[in-house]
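The numbers here are math on the coordinates, done by the rules we state, and not lab data. Computed from a predicted structure; not experimentally measured. Virtual Cβ from ideal backbone geometry, glycine too; neighbours counted across all protein chains shown.
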Amino acid sequence: MQLVKDKEIVNDTWRYVPEDADLGEGDITVSLARWKSDQQSLLNHKGKVGLRLLPSDGVDSIVDDLDNIQLIELEFPDFADGRLFSHAWLLRSRYNYHKEIRAIGHYIPDQVFYLSRVGVNAFLPAKSSDLPFVLANLNDFTVKYQNSVN
Amino acid sequence: MYQYTETDQTLVDERVAQFKRQTEQYLKGELTEDQFRALRLRNGLYVQTHAPLLRVAGPYGLLNSKQVRKLAYIARHYDKNYCHFTTRQNIQFNWPKLELVPEILAELASVQMHAIQTSGNCMRNTTTDHLAGVCVDEIEDPRPYCEIIRQWTTLHPEFDYLPRKFKIAVSGALHDRAATQFHDIGLHLVKNDAGEIGFRVLVGGGLGRTPIIGQVIKPFLEKKHLLSYLEAILRIYNLFGRRDNKYKARIKILVKESGLDHFSDRVEKEWLLLRDANELSAERIEAMKLEFTPPAYDLDAASDTSFEAHKAANKAFATWVDHNTAAHKVPGYKAVFLSLKAPDSPPGDMTDVQLDAVADLSDQYSFGEVRVTHRQNLILADIKQADLLALWQQLDSLKLATPNIGTATDMICCPGLDFCSLANAGSIGIAKEINEALDDMDYIHDIGDIKINMSGCMNGCAHQSVGHIGILGVDKKGAEWYQITLGGSSENTAAIGERLGPSVAKDQITRAIVDILDVYIKNRLEDESFLDMVNRVGITPFKEQVYATS
C-alpha cells in the first residue's frame with residue numbers, strides 16, 4: 001500500500017491491529033478503546049504504536065498520552081462527517097502534536113486541501129488510483145483567508 | 001463597495017478551476033452521485049424538478065452595475081432570460097445546463113462574484129440590512145463586518161463539513177431588518193454603557209421545520225473578538241452538533257437540547273483558549289471601513305423644490321414615493337425600492353432586459369450600486385429627490401414601480417412545486433391568484449403594512465413562520481393544501497406565527513386570505529396595523545371567519 005506523506009508518494013509501513021488480534025511485530029495502530037484498555041502491553045511493544053481515531057472519539061481523552069503515540073490516523077466513516085477536521089486542528093494547534101496525522105477511510109481527494117490546512121500531513125486514499133488526485137488537489141488553492149494550522 | 005484584491009480574485013478563479021475539474025470527473029464517472037452532490041452544493045448547484053438550479057451569492061445583498069449586467073448576460077445565454085432574487089439576498093438561475101455551470105462560474109468570477117457556499121452543510125452567504133449605510137437609525141454600518149465575515153467563512157478549512165447549513169446575519173441599526181433573531185448566529189451592533197460599539201451575539205435562531213427565536217449568548221462582544229468568538233461557536237457546533245438526523249442537525253437543536261447555559265459554557269471555555277491569539281486588529285477594521293465610505297453625495301440635494309411640486313401635481317408619483325421609498329440619512333436623498341412584485345410576474349423574478357435597464361439606472365442615478373432586499377425586491381439606495389420623478393417614470397415603464405412595497409401584494413414566495421423538487425404545493429400560482437383577488441391598489445394601501453410569506457413546503461424558504469400571514473403548502477393524499485399562520489414577525493419583536501386551524505384546500509386559500517384581511521379592516525382600531533391587531537385580539541375572530549365559510 002502506498003500513501004501521500006508530506007506531498008510525496010511513499011510506502012505504508014504501518015499495520016492496523018483489529019480489536020482482539022495479537023499485536024504482532026512492527027509498527028502498528030490500534031483503536032482508542034484498545035489504547036485505553038491495553039496500554040501496558042502497547043508501551044512494551046517493540047515497534048512504534050499509533051492510534052486510530054473516529055469522529056466520535058474525543059481528542060481531549062488522549063492529551064496526556066500524545067508523547068507515546070507516534071502516529072494518529074483519522075478514519076472517515078463518511079466524507080461528510082466534518083468532526084475530524086476539528087480533531088486535526090485541536091491536535092496540532094492546541095495540543096502541539098508534531099508527528100504524523102494521517103487521513104484514512106471514506107474521505108474524497110477533493111477534501112485534502114482543507115485537511116492539509118488543518119494539519120493532516122499524510123493521506124491514505126480509499127483507492128490507490130486516487131494517489132495522483134491527492135497529490136494534485138493538495139495544490140487546489142494558493143491563497144487563503146483564515147488562520148489555521150497551515 | 002468592496003473591490004476584490006488580487007487574493008480575492010485568485011481565490012475565486014482557483015475555485016472555478018477546481019469545480020470545472022470536479023464536474024468533468026463526475027461526467028466521466030470518477031465521482032459518485034453523493035460525492036459530487038456535496039461538491040456541487042458548495043458551489044451553489046442544486047438538481048431540481050426540471051433542471052439544475054444555480055444559486056449565486058449576493059454578498060450581503062450588494063451588487064454593482066457591472067455585476068447586474070453580468071446577471072443579465074447569464075440569464076440571456078444560459079437561462080430562459082430571467083433570474084430570481086431570494087430572501088437571503090442571493091440570485092438564482094433555474095435552467096442552467098450542468099456541464100455549463102463551470103463556464104457560468106467563470107463569467108461570475110470575471111466580475112468579482114461567485115456561488116461558493118450558497119448551499120450545502122457549510123457556512124452560507126452572510127446577510128445584512130438592505131438599508132445599511134443609508135438608513136436613519138443606524139448605530140454603525142454593518143457592511144465592513146459582513147465582508148470580514150465573508151472572507152473568514154469562505155473556504156474555511158475546518159468548518160466546511162458541518163452537521164447542517166449555517167447562516168450568519170448582521171444588523172447595524174436600531175430596527176432589525178436582517179432577521180438576526182432567526183439565524184444560526186445573529187450579530188447586532190450595539191452601544192454599551194461606556195459608549196463603545198460592539199456586538200450583541202445571538203445563537204440558535206432559525207426558521208425551517210422547527211422555527212426558533214435566537215437567544216442572546218453574549219450581550220456585548222468587543223469588535224476585536226468577532227472572529228475568535230465565531231470560531232468558538234463553530235468549533236463547538238462542528239464537534240457536538242447532531243449528525244444522526246438531518247432534521248435535528250441545526251445549531252438551534254444543539255442549543256435547545258444542551259440548554260443555553262451549558263452551550264454557552266462550552267463556547268466560553270473554547271473562546272478563552274483562542275481569544276488572545278486571534279484578535280481582529282483595529283487597523284484591519286479601519287481598512288475595511290474605507291471600502292465602504294459614503295459616495296460623493298450632493299450636499300445641496302435638499303434645496304431642490306421640484307420634488308414636492310411633482311408630488312403635489314402627480315398623485316400616482318406621490319403614491320409611489322409614499323410606498324416605495326425610504327428615508328435616507330443624507331438630506332435630499334431617498335432609498336428607492338424596485339418592486340419585483342408586479343401583479344403578473346412571479347415574486348422576485350427579473351428578466352435580462354430589466355436587469356440591464358436597472359444597471360443603467362443605477363449608473364445614472366445611484367452611484368452604480370444595486371441592493372437585494374430580504375423580501376425579494378431591489379433597492380437603489382442613493383437617489384436624489386430631484387431625480388425621483390424621472391426614475392419613477394423609467395421604472396414604471398419597466399414594470400418595476402408597482403407601489404406595493406410592504407403591502408399585501410409584496411409577498412415573499414418560494415419557487416414552489418413549479419420548480420423545486422422538495423415542494424409539496426405550488427406557491428407562485430397562489431401568489432398570482434391572491435394578487436388578482438387584491439387588484440384594487442386603494443384597498444391594498446388601506447390595509448397598509450403587512451407581510452405575507454408563502455412557502456411550498458415545511459423547509460420554509462419563504463419564511464412563512466415569521467410572516468404576519470404565513471402560508472405553508474402541505475401535501476394531503478397527493479393534493480395541495482395550505483396551512484395558515486398569523487402573527488409571525490422577524491423584526492425586533494420577533495415572533496413565530498400561530499396556526500389558524502386545519503389546512504385549507506387549494507381552491508379555498510385565496511378566499512381565506514381575503515377573509516382574514518376583511519376581518520382586519522372591519523375590526524382594527526384607528527392606525528392599528530395588521531400585526532398589532534392580531535397581537536391584540538388573537539386569532540379567534542380570523543379563525544371564525546375563515547372556517548365559517550369553508
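Values as computed for the structure displayed
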{"read-out": "Low-density loop cleavage sites - trypsin sites (Lys or Arg not before Pro) in the stretch B:178-224, where at most 15 other Cβ are within 10 Å (DSSP)", "value": "B:209"}
{"read-out": "Relative contact order for the stretch A:2-137, counting Cα pairs under 8 Å that sit 6 or more residues apart, in percent", "value": "23 percent"}
{"read-out": "Dmax and Rg, reported as Rg then Dmax, of the stretch A:2-137 (C-alpha, Å)", "value": "14.2, 41"}
{"read-out": "Average other protein chain Cβ within 10 Å of Cβ, residues A:139-150", "value": "6"}
{"read-out": "Peptide A:77-90 - average C-beta neighbours from other chains (10 Å radius)", "value": "6"}
{"read-out": "The stretch B:412-548, Cα convex hull volume normalised per residue, Å³", "value": "101 Å³"}
{"read-out": "Radius ratio Rg over Rh of the stretch B:229-287, counting only Cα atoms, Kirkwood formula for Rh", "value": "1.11"}
{"read-out": "10 Å-binned pair-distance histogram of the stretch B:50-148 (Cα, whole percent)", "value": "15, 46, 28, 9, 1"}
{"read-out": "Shielding by other protein chains, B:24-32, mean Cβ within 10 Å", "value": "1"}
{"read-out": "Gap separating the Cα centres of the stretch B:371-400 and the stretch B:147-198, nearest whole Å", "value": "28 Å"}
{"read-out": "Cα pair count fraction exceeding 34 Å, expressed as % - the protein assembly as shown", "value": "49 percent"}
{"read-out": "Projected-area average for the stretch B:51-91 over all orientations - Cα convex hull basis, square nanometres", "value": "2.9 nm²"}
{"read-out": "Cysteines having no other Cys beta carbon under 4.7 Å from their own, within the protein assembly as shown", "value": "B:83, B:122, B:135, B:146, B:413, B:420, B:457"}
{"read-out": "Order by protection proxy (mean Cβ within 10 Å, highest first), peptides A:36-42, A:69-75, B:210-216, B:379-385", "value": "B:379-385, A:69-75, B:210-216, A:36-42"}
{"read-out": "Proximal aspartates and glutamates to residue B:66, defined as alpha-carbon separation beneath 14 angstrom and excluding residues fewer than eight positions away on the same chain", "value": "B:107, B:352, B:356, B:360, B:363, B:369"}
{"read-out": "Contact order relative to length of chain B, as percent, for alpha carbon pairs under 8 angstrom and 6 or more apart", "value": "12 percent"}
{"read-out": "Convex hull projection area averaged over all views, the stretch B:301-397, Cα basis, nm²", "value": "6.1 nm²"}
{"read-out": "Size of electric dipole in the stretch A:2-137: Cβ of Lys, Arg +1 and of Asp, Glu -1, about Cα centre, debye, nearest 20", "value": "380 debye"}
{"read-out": "Rg and Dmax of the stretch B:141-249, Cα atoms only, in Å", "value": "13.9, 45"}
{"read-out": "Burial order of peptide ranges A:115-123, B:294-302 (average beta-carbon count within 10 Å, highest first)", "value": "A:115-123, B:294-302"}
{"read-out": "18 Å Cα-Cα reach of residue B:477 towards aspartates and glutamates, excluding residues that sit fewer than 8 places from it in its own chain", "value": "B:507"}
{"read-out": "The protein assembly as shown - charge dipole about Cα centre, Lys and Arg +1 at Cβ, Asp and Glu -1, debye rounded to 20", "value": "1160 debye"}
{"read-out": "Radius of gyration and Dmax over the Cα atoms of chain B, both given in Å", "value": "22.9, 68"}
{"read-out": "Scaled radius of gyration (Cα, divided by 2.2 N^0.38 Å) that the stretch B:6-109 gives", "value": "1.05"}
{"read-out": "Cα-centre dipole for the stretch B:301-397 with unit charges at Cβ (Lys and Arg positive, Asp and Glu negative), debye to 20", "value": "440 debye"}
{"read-out": "Listed pairs B:223/B:256; B:20/B:248; B:311/B:399 exceeding 29 Å between Cα atoms", "value": "B:20/B:248"}
{"read-out": "For the stretch B:199-262 and the stretch A:69-127, distance of Cα centres in Å", "value": "25 Å"}
